[in-house]
1. Condition test on ILE139, is it in a strand (DSSP E or B) and crowded, with 20+ Cβ neighbours inside 10 Å?
2. Can you run down the residue pairs with Cβ atoms below 7 Å, 6 or more apart or on separate chains, where the first is in the range 9-20 and free of Cβ contacts under 8 Å to residues at least 40 places away in the same chain and outside any helix (DSSP H, G or I) and the partner is surrounded by 15 or more Cβ atoms within 10 Å (Cβ to Cβ) and of a type in the set (Phe, Trp, Tyr)?
3. Mind listing whichever residues of the range 73-92 are part of a loop (DSSP other than H, G, I, E, B), more than 12 Å from the chain's Cα centre (by Cα) and more than 21 Å from GLY132 (Cβ to Cβ)?
4. Could you check how many residues of the range 47-64 are within 23 Å of ILE117 (Cα to Cα), over 8 Å from the mean Cα position of the chain (by Cα) and surrounded by 18 or more Cβ atoms within 10 Å (Cβ to Cβ)?
5. Working carefully through the options ASN33, ASN89, find the one that is crowded, with 22+ Cβ neighbours inside 10 Å and not aliphatic (A, V, I, L, M).
6. Where residues in the range 10-30 are of a type outside the set (A, V, I, L, M) and within 12 Å of GLU143 (Cα to Cα), which of them is surrounded by the most Cβ atoms within 10 Å (Cβ to Cβ)?
7. Can you confirm whether LEU131 is among the aliphatic types (A, V, I, L, M) and either in a loop (DSSP other than H, G, I, E, B) or within 19 Å of GLN13 (Cα to Cα) (or both)?
Amino acid sequence: MFVRSPAFENGDQIPFEYGCHGSDISIPLVFENVPEGTRSLALIMDDPDAPAGIFVHWVAYNIPSDLHGLPENIPGAPVLADGIRQGINDFGKTGYGGPCPPDRPHRYFIKLYALDIPLELDPGLSKEQLLGVMRGHVIEEAELMGIYAR
């Protein structure tokens, strides 16, 4: 399974418009080779380089397994089309919160999880809550990393 973005290559610079210094719109994503038996997808974007430890920028789950990606500029609504739920990021908001490093270039990891169950849970889960619910149900993982600096 793969997650990629038409906006940047793995390991490259995340364009300014997707960060807090730009338009702060969600990154467009493409999902490929989702494994057979996947019932839903989940997504977590975080920054391990944040001064206070890992900072969560996006939590989304109950993404249909036949969806081939997410467009840019996903609204911050708790429930999206197709039943997608969004969780709470570390900005305290629902949905996507763009890269916003306070000091130096940071790495941002977008992790896609193929799950053997649907996650028709209430919106608003934290990353930790989502990881707890997913435990034992992950078929495969994929990762995209980008770098963002002011």
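1. Working: in a strand (DSSP E or B): yes; crowded, with 20+ Cβ neighbours inside 10 Å: no.
For ILE139, the condition - in a strand (DSSP E or B) and crowded, with 20+ Cβ neighbours inside 10 Å - is not met.
2. Here the result reads PRO15/PHE8, each pair linking the range 9-20 to a residue that is surrounded by 15 or more Cβ atoms within 10 Å (Cβ to Cβ) and of a type in the set (Phe, Trp, Tyr).
3. Listed by number, the residues that qualify are ASN73, PRO75, GLY76, ALA77, LEU80, PHE91.
4. 3
5. Just a single option satisfies the conditions, and that option is ASN89.
6. Start the filter on the range 10-30 by keeping residues that are of a type outside the set (A, V, I, L, M), which leaves 10-13, 15-24, 26, 28.
With the extra rule that they be within 12 Å of GLU143 (Cα to Cα), the set shrinks to 10-11.
Values: ASN10: 13, GLY11: 10.
This residue is ASN10.
7. In short, no.
Values in this text are rule-based calculations from the coordinates and carry no lab data. The structure displayed is predicted, hence computed values, not measured ones. Ideal geometry is used to build each Cβ from the backbone, glycine not excepted, and the neighbour counts take in all protein chains shown.
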